[in-house]
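A.B. asks: Handing you a structure now.
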Amino acid sequence: GQEFQFGFCHVQGVKLQVLRKAFGTLRDTVQAQDNTTSVRLLRKEILQNISDAESCYFIRALLKFYLKAVFRNYYRQASELRLRRALSTLTNNFLALASALQPREEDKVFSLAESARRRFLQVQGAFQQLDVEAALIKAIGEVDILLTWMEKYYQ
Amino acid sequence: MKNVLHWDPPEGLTGVEVLYTVQYFIYGQKKWLDKPECRKSNRTYCDLSAETSDYEHQYYARVKASRKATCSKWTETGRFYPYLETQIGPPAVALTAGEKSISVVLTASEKWRRTLEEGAVSMQQVYPALVYNVSMYSPQSHRMWWQCVANGSLVVPWLEPDTLYCVRVEALVPGPPRLPLPSEKQCISTLKDQTQEWKIK
Amino acid sequence: DGVAVLPAPQNLSVHSTNMKHILTWSPVVVPGQTIYYSVQYQGEYESLYLSHMWIPSHWDSPIAKPECDVTDDITATVWYNFRVSATLGSQTSAWSILEHPFNRNSTVLTPPKTEVTKDGSHMVIELEDLGPHLEFNVVYWRSEPDAEERSKLIKNGGISVHLQTMEPGAKYCAKAQTLVKAIERRSAFSRVECVEVEGEALPL
């Protein structure tokens, strides 16, 4: 148990409860700062009907986005020590996940990768339409939505 | 998934006739929506179960107080995520005693529904990874056992004949920790040991 | 403002056993004075993307001993850097950084202490409580030729777990090993322990 199975991609060593607990520390602060409540990045329709096979491509794109575009720029805003420690737990576990989530060459299916990319571009597009600070806060405030989707692939 | 908004009266106005109006908001959508049954109501709670029944969405709610011609500003909740925050009701528990064992059959609680005509949805369907934490206690030996089971039944073997055992069951689902809602304690005695009876005759 | 005249601590290293990680260093000695130390850490993410970013260890307040339990700082299976500085009054030393980053997958895993007992005709085992990260694989069997080994995963130590019901006149044995899923590793097995139920086997 305690492993992710995103289609062909299998990852052990990252405990979802650790991520949940870390986000729980950030949640109230981050979500209270989110004033553009009429925008949801990880919309329900984007996360629905993703096949197992496609899920690995999609989660890789999301993790890369969070690691490179979101967490890095939010650290400055996480001035409180307990928030920074929680953020470090999230980012380093996301890093561990992303490094382990390499679909095998023989499993690469262009159509799946393309479908996952289109989904991801909807998330990124909505993110880029927002003011930078607001976008960071919103993306981090929606990590509970991301973790809930990831939970479907967690044994 | 029965989601009820509660609030306290404004300070200093307890016991005074104050009317409240409630609105709710679906995160990611455009505007606040009214809840007619909770408009100008004197109750300090409002059942928003129907409005928040899609548990994959997230919601806000807000309340304002009014008295005579004056009304207050809105007070707003944080973001509410039913899927992660609802409490999980205990299963129905059926016990059957054997000589040295007790069989426990569990039926998951049901998701809140508007009317009985609406099809029942088991919490097991909402949370496929739902498991049960079964605790059994022997008042005589003061011993307690725990066992986590994924499917709805188990047989607890290796018990003493003709002995009282009490069972409590709690449903656990993934996600952040939630307030537990264990079942009522149910007790049953194992049957007398038939082999002893034969020897006595 | 403290000028760095105090020597920086040396010989930082991490000693890790059963997922408990202790950072140690050589003490800075100033006769007759108490030296305090501050510890900070940086995960692989911070070192990759925010190399200037160091996070105070959860112990936070200055430490008087030349060691620090950094178990709660290491919350992912990635590389971690640590640095320590010494303080004496208004004097603060330079930071001294751990020579090689530490990854918790290198922790030393030891088998748990076990206690196999009988409770009437029941075989019961209690395992040493080694903290939240560790689970245990218990293998148990009836001591007879071609015995079938069975195993049970036990989530935490410190509680008695029922293994099986025993028949009079037979001997039953068990051994246990430590499991850590977070790093996908397990320890050697513990010493085998057996219990026996007096009396003769009952006629059928």
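A.B. asks: All but one of (1) within 13 Å of chain A (Cβ to nearest Cβ); (2) out of contact with any strand residue (DSSP E or B) (no Cβ under 6 Å at 6 or more places or on another chain); (3) in a loop (DSSP other than H, G, I, E, B) hold for B:Ser49, so report the exception by its number.
C.D. replies: Every condition holds for B:Ser49 apart from (1).
A.B. asks: May I pose another question? Could you check A:Val11 against (1) open to solvent by less than 50 Å² (accessible area, probe 1.4 Å); (2) more than 11 Å from chain B (Cβ to nearest Cβ); (3) in a loop (DSSP other than H, G, I, E, B) and say which number it fails?
C.D. replies: Going through the list (1) open to solvent by less than 50 Å² (accessible area, probe 1.4 Å); (2) more than 11 Å from chain B (Cβ to nearest Cβ); (3) in a loop (DSSP other than H, G, I, E, B), A:Val11 breaks only (3).
Here is a yes/no grid of residues against (1) surrounded by 20 or more Cβ atoms within 10 Å (Cβ to Cβ); (2) polar (S, T, N, Q); (3) without any contact (Cβ under 8 Å) to a residue 24 or more places away in the chain:
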| site | (1), (2), (3) |
| --- | --- |
| C:His122 | no, no, no |
| C:Ile125 | yes, no, no |
| C:Lys155 | no, no, yes |
| C:Gln164 | no, yes, no |
| C:Pro168 | no, no, no |
| C:Ala188 | no, no, no |
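A.B. asks: With B:Leu19, B:Leu13, B:Leu95 as the choices, which residue is in contact (Cβ under 8 Å) with a residue 24 or more places away in the chain, surrounded by fewer than 17 Cβ atoms within 10 Å (Cβ to Cβ) and within 30 Å of B:Thr190 (Cα to Cα)?
C.D. replies: B:Leu95
Residue-by-condition table, conditions (1) hydroxyl-bearing (Ser, Thr, Tyr); (2) open to solvent by 60 Å² or more (accessible area, probe 1.4 Å); (3) within 14 Å of chain A (Cβ to nearest Cβ); (4) free of Cβ contacts under 8 Å to residues at least 40 places away in the same chain:
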{"site": "C:Tyr45", "(1), (2), (3), (4)": "yes, no, yes, yes"}
{"site": "C:Pro56", "(1), (2), (3), (4)": "no, no, yes, yes"}
{"site": "C:Asn81", "(1), (2), (3), (4)": "no, no, yes, no"}
{"site": "C:Ser106", "(1), (2), (3), (4)": "yes, yes, yes, no"}
{"site": "C:Thr110", "(1), (2), (3), (4)": "yes, no, no, no"}
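A.B. asks: Now for a different question. Please find, among A:Ser88, A:Ser79, the residue that is crowded, with 21+ Cβ neighbours inside 10 Å, more than 27 Å from A:Leu112 (Cα to Cα), away from chain B (no Cβ under 14 Å) and without any contact (Cβ under 8 Å) to a residue 12 or more places away in the chain.
C.D. replies: A:Ser88
A.B. asks: Please state which one of A:Asp52, A:Asp34 is among the acidic types (Asp, Glu), touching a residue at least 24 places away in the same chain (Cβ under 8 Å) and at the interface with another protein chain (Cβ under 9 Å from one of its Cβ atoms).
C.D. replies: When all the criteria are applied, what remains is A:Asp34.
A.B. asks: Please determine, by comparing only the residues of region B:22-45 that are of a type in the set (S, T, N, Q) and farther than 17 Å from A:Arg40 by Cα, which one is farthest from the other protein chains (Cβ to nearest Cβ).
C.D. replies: Selected residue: B:Asn42.
A.B. asks: Here's another thing I want to ask about it. Restricting to region C:8-19, count the residues that are surrounded by fewer than 16 Cβ atoms within 10 Å (Cβ to Cβ) and either under 24 Å from the mean Cα position of the chain (by Cα) or at pLDDT below 95 (or both).
C.D. replies: 4
A.B. asks: If you go through region B:52-67, how many residues are open to solvent by 30 Å² or more (accessible area, probe 1.4 Å), in contact with a strand residue (DSSP E or B) (Cβ under 7 Å, 6 or more places away or on another chain) and within 15 Å of B:Asn3 (Cα to Cα)?
C.D. replies: The number of residues fulfilling the criteria is 2.
A.B. asks: Next up: Take the residues of region A:105-155 that are in contact (Cβ under 8 Å) with a residue 24 or more places away in the chain and among the aromatic types (Phe, Trp, Tyr): which is nearest to the other protein chains (Cβ to nearest Cβ)?
C.D. replies: Among residues in region A:105-155 that are in contact (Cβ under 8 Å) with a residue 24 or more places away in the chain and among the aromatic types (Phe, Trp, Tyr), the one nearest to the other protein chains (Cβ to nearest Cβ) is A:Tyr154.
A.B. asks: Just to be sure before I move on: is C:His52 more than 13 Å from every other protein chain (Cβ to nearest Cβ) and either open to solvent by less than 10 Å² (accessible area, probe 1.4 Å) or part of a loop (DSSP other than H, G, I, E, B) (or both) in the structure I sent?
C.D. replies: Judged against the criteria, C:His52 is not a match.
The values are calculated or read from the model by the stated rules, or taken from the named source; none is laboratory data. Just so it is clear, the structure is predicted and the values come from calculations on it, not from any experiment. Positions of Cβ are backbone-derived with ideal geometry, glycine not excepted, and every protein chain shown enters the neighbour counts. To get the accessible areas, we keep the full protein, side chains included, count just its heavy atoms, and leave off ligands, DNA and RNA. Shrake-Rupley method; radii C 1.70, N 1.55, O 1.52, S 1.80 Å.
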